[in-house]
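What follows is a single structure, written as C-alpha cells, with notes after it.
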Amino acid sequence: MKAFFSELRPAMMSTVVLVVVCCGFYPLAVTGISQWAFKSKADGGLIVDKNGEIRGSALLGQSFTGEKYFRPRPSAAGANGYDASSSSGSNLGPTSQKLADQIKERVAAYRTENGLAADEPVPADAVTASASGLDPHISPANAALQIARVARARHLPVEKVGELVASNTDKEDLGLLGDPGVNVLKLNLALDQLRE
C-alpha cells in the first residue's frame, strides 16, 4: 500500500501542475498577447457606428440585398447562408452537377443584375461560396463590376463609388501575402454614411 501511495503522489502533483499551467497560465498568456497585439480581431472585429450601435463584424460576411448595396460572396453557411453558427462550405466538388447548375444560375443572375453582356467574364468569387461561407471580402474585380449598379441606384457619380471601393480595399499582408480584398460590410456602411 505504501508503494501505491508513493506512486500516486507524483501523479497527483503532475496533474495539479498541468492543470495550473494548461488551464490557467497558458490561456491567460494567449489572451493577453492577443489583446495586446491583435485587439480588434481578438474582440471580434466589431464595427460600431457613431451612435454606439454594433453594425456587424469586419471578420464575418453577411447578406446584403437591394440594388444600392454591394453583394458579398454567396454563402453555404446555414439554410439561408451567412449563419456563423453553421459555418461551412457546400461540400460540392468540381464534378458535382448540382454545383455546376448553381454556378450557371448565379452567373446569369449576376450578369443580369449588373447589366453585363451575356459573354462578359464573371469573377469566381461572385458565384462560388468560400469554405467557411462567411468570407467578408470580395475581389476588387467583383466590386468593380458592381460599381455602376450601386452608383445608379444611389444616384451617385461612378467615380465617387469607385473611390469608396478603393478606400475599403485591404491590401496584401506585408505587401506580398494573400490577395487584395474589398470588405463588403465596411464598404456598404461607408455608402450609407454618404447620405447622412
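Bear in mind these aren't lab numbers, they're just calculated from the coordinates by the rules spelled out. Treat the numbers as computed from the prediction; the structure is a model and nothing was measured. Cβ placement follows ideal geometry from the backbone for every residue including glycine, while neighbour counts extend to all protein chains displayed.
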(request) Find all pairs meeting these conditions: Cβ atoms under 9 angstrom apart; at least six residues apart or on different chains; first residue within segment 104-124 and in contact (Cβ under 8 Å) with a residue 24 or more places away in the chain; second residue assigned to a loop (DSSP other than H, G, I, E, B) and surrounded by fewer than 16 Cβ atoms within 10 Å (Cβ to Cβ). (result) Glu113/Glu67; Asn114/Glu120
(request) Being touching a strand residue (DSSP E or B) at 6+ places or on another chain (Cβ under 9 Å) and outside any helix (DSSP H, G or I) is the filter; apply it to segment 139-170 and report the residue that is nearest to Leu187 (Cα to Cα). (result) Asn168
(message) Anything in segment 171-196 that is out of contact with any Ser or Thr (no Cβ under 6 Å at 6 or more places or on another chain) and either in a loop (DSSP other than H, G, I, E, B) or among the polar types (S, T, N, Q) (or both)? List them, or say none.
(response) Lys171, Glu172, Leu174, Gly175, Leu176, Gly178, Asp179, Asn183, Asn188, Gln193, Arg195, Glu196
(request) Please find, among Ala117, Ala109, Ala151, Ala124, the residue that is surrounded by fewer than 17 Cβ atoms within 10 Å (Cβ to Cβ), out of contact with any Cys (no Cβ under 6 Å at 6 or more places or on another chain) and farther than 21 Å from Gln62 by Cβ. (result) Ala117
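Got at least one residue in segment 7-15 being under 23 Å from the mean Cα position of the chain (by Cα) and surrounded by fewer than 11 Cβ atoms within 10 Å (Cβ to Cβ)?
no
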(message) Can you find, within segment 169-195, the residue that is surrounded by the most Cβ atoms within 10 Å (Cβ to Cβ) among those that are closer than 23 Å to Pro74 by Cβ and among the small types (Gly, Ala, Ser)?
(response) Gly181
(request) Give the residues of segment 83-104 that are assigned to a helix (DSSP H, G or I) and of a type in the set (D, E, K, R), sorted by residue number. (result) Lys98, Asp101, Lys104
